[in-house]
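Note sheet for the following structure.
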Amino acid sequence: MSDRNAQSVAFVRETFVEPSPPPAREAGVIKWLRENLFSGPVNSILTILAIYFLARFVIGVYPWFANGVWGTDGLAACREILDGATGACFSVLQERWNQMLFGISYPATEYWRPVLTFVLLFVAVAPVLFWKLPRQMLIFTGLFPFLAYWLIYGGTIITPIMALVGTIAGYMAFTRLEKQFGFTMALVGGVVGAAVVWWVGGLLAAAAPNLLAFEAVTTRDVGGFMLNMILGTVCVSLSIPLGIALALGRQSKLPIIKGFCVIFIEFIRGVPLITLLFVANVMLAYFFPPESNPDLIIRVIIMITIFSGAYIAEVIRGGLAALPRGQYEAGDSLGLDYAQAMRLIILPQALKISIPGIVNVAVGLFKDTTLVSIISMFDLVGAIRGPILGSTQWTGVYWEAFGFAALLFFVICYGISQYSQWLERELATDHR
Amino acid sequence: MSTLSDTGAGPDRFRLSQLIYDTRYRSITFQVIAVIVLAYCLYQLYGNARQNFADADLNISWLFLYEPAGYDINQRPIEYDSQSTHLRASIVGAINTLIVAFLACVSATVIGVVAGVLRLSNNWLVSKLMSAYVEAFRNVPVLIWILIIFLAMSNAFPQPRAFRGDNPDAEMWLGMFAFTNRGVYIPAFENGAGSMVFWLVCLLSIVGVFAYRRYAKKLLFDTGKLLPMTWPSLAILIVPGIIAFFALGQPVGLESPELKGFNFQGGVHLRLSLLGLWFALAIYTGAFIAENVRAGIMAVSKGQTEAAAALGLRPGRIMNLVVLPQALRVIIPPLISQYLNITKNSSLAIAVGYMDITGTLGGITLNQTGRAIECVLLLMLFYLTVSLLISFFMNIYNNAMKLKER
């Protein structure tokens with residue numbers, strides 16, 4: 001310590017000197033520009049190039065948007081209004097709005113039914129996506145598939161109700177039997193119970209086809225973006241259980257089951273979806289019993305479910321492999337049998353790890369539902385390629401029509417991937 | 001359970017209940033049940049198929065492959081006319097599939113690496129632009145992109161007749177490239193006498209470049225002597241070719257396309273269906289590869305970049321010499337699956353009329369002969385083989401690149 005201090009020196013400044021402001025080039029917008037856009041020669045060239053391309057893009061696209069014509073009844077009328085200027089013909093969206101969303105021949109008076117289903121879909125999905133919502137809402141989620149079927153396809157209310165009763169009966173039988181006979185026997189019992197009720201339900205529905213019935217819509221008439229939504233939601237929900245089963249089978253120690261699952265998964269992953277849709281279109285019907293005539297959409301749902309099931313199985317297998325061995329051993333040491341250990345210990349953790357991957361597969365699958373247009377189903381892309389661009393008044397409005405389709409898919413897929421990122425942060429229980 | 005008793009017949013003390021409660025036998029029991037269930041299902045499917053075939057008076061036969069196809073294919077990498085067999089049509093289709101898949105794989109890799117690196121750039125504007133590109137392409141179905149790009153090309157390019165006359169509406173680019181709505185015409189090589197020697201020299205100089213680089217690297221590692229890299233490689237690549245070109249009396253010329261009648265003749269004709277599919281697949285998959293590249297680069301720890309910077313390497317060299325080689329190990333496995341995706345997505349060619357194997361075997365041949373099962377099975381077999389081959393070779397490459405721990 002020195003002996004110089006405030007008492008021994010002549011002057012001590014008691015107030016703090018305000019720091020002088022940074023030089024102008026090191027502050028505010030200029031600093032940001034210098035650091036982020038012009039930090040070096042290469043960077044400056046890149047920036048100028050980017051601005052150039054951006055400007056060209058905006059100059060090219062803006063007038064197209066700004067001059068967009070609404071409310072005409074054909075491309076010729078649009079061209080007349082535009083009179084040589086560049087401009088979009090957005091009237092096609094107005095005039096063909098219903099075709100794009102509901103397909104070409106969904107009865108026009110019944111459009112409220114799919115709209116209502118679409119709104120209810122959010123109510124049904126909400127408790128699955130956000131688990132802070134009251135758990136009672138899950139009851140509605142359970143009812144929703146039956147309700148949605150009834151709303152979209154119409155027919156008597158007996159069909160969905162008996163389907164629901166059958167499912168409940170099967171579940172009850174399963175829980176009762178599981179306590180006494182174990183998992184496998186209970187599963188068989190549950191399936192048998194449900195099947196019996198469904199069979200009775202089929203008889204009942206055939207006996208009273210007009211009880212509380214909506215106008216029935218044939219599956220051929222369901223199309224447009226609605227078809228993409230139906231295929232997407234149905235196939236994703238069905239393929240998750242299939243994927244879990246295949247992943248467990250592939251991880252199993254039983255060589256025959258494992259071999260079957262490996263071959264199945266690798267085969268499905270090795271071929272394009274379009275060939276599987278060909279199978280659904282021209283081949284699958286041969287493998288059904290002769291008198292049953294399964295609808296094209298059912299065959300397509302089967303093949304898409306198998307397809308995405310194989311991909312989801314690989315994602316879940318990754319999750320299973322990522323779990324430490326100790327978790328499996330802990331399950332064994334607690335004396336849990338295979339089904340219990342999987343349900344209570346392994347799968348909850350493995351599925352949590354797999355969620356981002358599953359969401360990726362789901363987004364990919366939803367995009368791939370547009371492929372059904374190739375086997376001449378009129379989904380959104382099919383409706384645009386077929387009836388809309390094929391009609392005399394709208395040939396050539398492909399930018400507007402496909403741009404709208406792209407926008408619809410973008411909004412939904414981007415939304416799902418943002419949700420998945422949020423969920424990942426939410427589920428991160430480790431400390432980083 | 002009665003069916004199972006014969007499988008478990010054996011030791012005296014064996015009780016039937018052991019089949020379920022004893023772990024030694026339980027796995028066998030379950031597998032036997034699984035096999036029986038599977039066999040039953042397959043039998044049912046087979047029975048249904050046989051019944052349906054009998055009802056529809058159909059049979060399985062592969063002879064249709066040797067009948068004349070009777071349809072034309074617009075892009076023929078090998079000899080083909082409408083009198084050729086269905087089998088030959090399928091092979092043409094298969095080659096077309098491989099062509100577009102190869103082109104798209106190469107360009108998607110380039111686009112993806114550039115976009116992935118630029119997305120991590122310090123330049124705010126560029127990185128935001130690249131994010132916009134990646135998100136826009138990842139979140140929209142590839143089928144929509146293929147259709148948009150194909151339709152945009154065929155509507156934006158002028159008709160061949162626009163090139164005609166003294167004051168044409170459209171002009172050829174550099175006098176050699178013609179962009180028309182029937183396709184893009186590019187110059188072709190005209191091989192004269194001695195052209196074989198010229199091409200051989202070119203090939204040898206490419207090999208020579210690799211040999212020189214290998215030698216320089218060995219010299220550097222053995223003795224620490226640093227040879228110049230860029231100029232000698234360039235010289236080896238170009239000089240022998242030029243010498244050979246003039247020494248042989250200019251054996252190779254360029255044949256430019258020319259407007260004759262209603263269309264261009266000469267040169268190489270790239271159809272819009274090929275170009276549209278190729279660009280769409282490349283840009284779409286490029287967005288995915290960009291994400292993989294970004295993840296790979298971010299997986300390289302920051303200390304590596306800082307250490308390289310401390311050694312005085314320039315940013316470009318840091319990327320090339322330190323970050324990318326390490327990131328490559330993370331990038332390659334997802335890259336393999338992107339290549340597989342390109343191959344599989346190339347089957348969407350059918351949407352723009354590109355005659356790949358889905359268009360020939362799975363399209364026209366199937367519709368003409370009505371042999372649905374045979375055609376679809378062959379189609380699946382082809383894609384399965386290609387997928388397995390790609391993953392086989394890429395896995396070899398992956399193993400070669402993997403970090404070798406000693």
Handout entry: Shape of segment A:273-342, Cα gyration tensor, a/c cut at 1.5
Key = prolate
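So what is the relative contact order for segment B:155-284, in percent, with contacts set as C-alpha pairs under 8 Å and at least six apart?
Numbers: 155 pairs, mean separation 45.2, N = 130.
Reported as a whole number, the value is 35 percent.
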Handout entry: Rel. contact order, % - alpha carbon contacts under 8 angstrom, at least six apart, segment A:272-399
Key = 22
Completion exercise
Those cysteines in chain A that have no second cysteine Cβ within a distance under 4.7 Å are A:C235, A:C261, A:C413
Practice task
Mind checking A:263-274 for the average number of partner chain beta-carbons within 10 Å of each residue's beta-carbon?
Solution key: 6
Practice task
Count the net charge of all other residues whose Cβ sits under 15 Å from the Cβ of A:L116, scoring Lys and Arg as +1 and Asp and Glu as -1.
Solution key: -1
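Between A:L407 and B:N398, take the C-beta separation as r, use R0 = 41 Å, and let me know the FRET efficiency to the nearest 0.05.
On the way: r = 38 Å, r/R0 = 0.93.
Efficiency at R0 = 41 Å is approximately 0.60.
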Problem - Amide H contacts of B:E255 (H built 1.01 Å from N, under 5 Å, at least 5 apart or other chain) - result: B:A188, B:F189, B:E190
Completion exercise
Computed over the Cα atoms of segment B:12-83, the Rg and Dmax in Å are 25.4, 74
Practice task
When you have a sec, figure out the Kirkwood radius of segment A:225-280 from all distinct Cα pair distances and drop it here in Å to one decimal?
Solution key: 12.8
Exercise for the section: Select from segment A:246-334 those GluC sites (Glu not before Pro) which occupy a DSSP coil region and have at most 10 other Cβ atoms within 10 Å, ordered by residue number. Expected result: A:E291
Completion exercise
Once Lys and Arg are counted +1 and Asp and Glu -1 for all other residues with Cβ under 10 Å from that of A:L273, the total becomes 0
Problem - With 20 Å bins from 0: P(r) over chain A, alpha-carbon pairs, percent - result: 17, 44, 25, 10, 4, 0
Completion exercise
Between the modelled labels at B:K260 and A:E266 (7 Å from Cα along Cα→Cβ) the distance in nm is 5.2
Practice task
With a length cut of 27 Å (Cα positions projected on each helix's long axis) and a Kyte-Doolittle mean of at least 1.0, go through chain A and give me the DSSP H helices that pass.
Solution key: A:41-66, A:183-207, A:224-251, A:296-322
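Add +1 for every Lys or Arg and -1 for every Asp or Glu among the other residues with Cβ under 14 Å from the Cβ of A:A245, and state the total. Walk me through the intermediate numbers first.
Details: positive: A:R250, A:K258, A:R317, A:R343; negative: A:E314.
After counting each charged neighbour, the total is +3.
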Problem - GNM result for chain B, Cα springs below 10 Å: residue of B:S233, B:S195, B:S256 fluctuating most strongly - result: B:S233
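Contour minus end-to-end for B:E171 and B:C202, with contour as 0.36 nm per residue of separation and end-to-end as the Cα-Cα distance?
Working: separation 31, 0.36 × 31 = 11.16 nm, distance 3.26 nm.
7.9 nm is the gain from fully extending B:E171 to B:C202.
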Practice task
Can you figure out the FRET efficiency of A:W97 with B:N191, using R₀ = 41 Å and their beta-carbon distance, to the nearest 0.05?
Solution key: 0.10
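Considering the convex hull of the alpha carbon atoms of segment A:295-432, report its projected area averaged over all viewing directions, in nm², one decimal.
On the way: hull surface 46.5 nm².
If I average the Cα hull's projected area over directions, I get 11.6 nm².
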Practice task
Would you tell me the mean number of C-beta atoms belonging to other protein chains that fall within 10 Å of each C-beta in A:44-53, as a whole number?
Solution key: 3
Exercise for the section: For segment A:59-77 and segment B:358-406, compute the distance between their C-alpha centroids and round to whole Å. Expected result: 44
Practice task
Evaluate E = 1/(1 + (r/R0)^6) for B:N122 and A:A322, where r is the Cβ-Cβ distance and R0 equals 35 Å; express this FRET efficiency to the nearest 0.05.
Solution key: 0.55
Practice task
With springs connecting C-alpha atoms under 10 Å apart, model chain A as a Gaussian network and identify which of A:A194, A:A126, A:A55 has the largest mean-square fluctuation.
Solution key: A:A55
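Taking the convex hull of the alpha carbon atoms in the protein assembly as shown, what volume per residue do you get, in Å³?
Details: hull volume 276.5 nm³, N = 838.
Residue-normalised Cα hull volume stands at 330 Å³.
What ratio of Cα Rg to 2.2 N^0.38 Å holds for chain B? Please report the intermediate quantities before stating the final value.
Working: Rg = 29.1 Å, N = 406, 2.2 N^0.38 = 21.6 Å.
That ratio works out to 1.35.
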Handout entry: Computed over segment B:327-374, Cα set: Rg, Dmax in Å
Key = 15.6, 50
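For segment A:142-240, rounded, prolate or oblate, judged on the Cα gyration tensor with a ≥ b ≥ c (square roots of eigenvalues), a/c < 1.5 rounded, else prolate if a/b > b/c? Display every interim value, and only then the final one.
Details: a/c = 3.21, a/b = 1.53, b/c = 2.10.
It is oblate, given that a/c is not under 1.5 and a/b is not larger than b/c.
Based only on other Cβ atoms within 10 Å, what is the fewest-to-most ordering of A:V17, B:V252, A:V372? Intermediate values should be presented prior to the final figure.
Working: A:V17 6, B:V252 16, A:V372 27.
Exposure proxy ranking, most exposed first: A:V17, B:V252, A:V372.
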Practice task
Report, in debye and to the nearest 20, how large the dipole of the protein assembly as shown comes out about its Cα centre when Lys and Arg carry +1 and Asp and Glu carry -1 on their Cβ.
Solution key: 2520
Completion exercise
So, with points 7 Å from each Cα along the Cβ direction, the B:N59-A:E80 label distance in nm works out to 6.3
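Ignore the peptide's own chain and count Cβ atoms of other chains within 10 Å of each Cβ in A:283-292; give me the average, rounded. The partial results should precede the final answer.
On the way: counts 7, 1, 4, 12, 8, 5, 6, 8, 1, 1.
Per residue, the number of nearby Cβ atoms from other chains is 5 on average.
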Practice task
Place the peptides B:343-355, A:384-396 in order of packing, highest mean first, counting for every residue the other Cβ atoms within 10 Å and averaging per peptide.
Solution key: B:343-355, A:384-396
Handout entry: Highest-MSF residue in chain A out of A:L33, A:L129, A:L336 [GNM, Cα springs under 10 Å]
Key = A:L33
Handout entry: chain A, relative contact order in percent, only Cα pairs under 8 angstrom and at least six apart counted
Key = 16
Fill in the blank from the handout: Per its Cα gyration tensor (rounded if a/c is under 1.5, else prolate when a/b beats b/c, else oblate), segment B:107-265 is best filed as oblate
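When the helices in chain B are scored as -39500 (n - 2.57) per DSSP H run of 4 or longer and the sum is shared across all residues, what 222 nm value do you end up with, to the nearest 500 deg cm²/dmol?
Working: 12 runs with 242 residues, N = 406.
So the calculated ellipticity at 222 nm is -20500 deg cm²/dmol.
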Handout entry: Structure-based [θ]222 nm, chain A - -39500 (n - 2.57) summed over DSSP H runs of at least 4, per residue, nearest 500
Key = -21500 deg cm²/dmol
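Every number in this text was worked out from the coordinates using simple rules, so none of it is lab data. These figures come from a predicted structure and were not determined experimentally. FYI the Cβ positions are ideal-geometry reconstructions off the backbone, even for glycines, and counts take in every protein chain you see.
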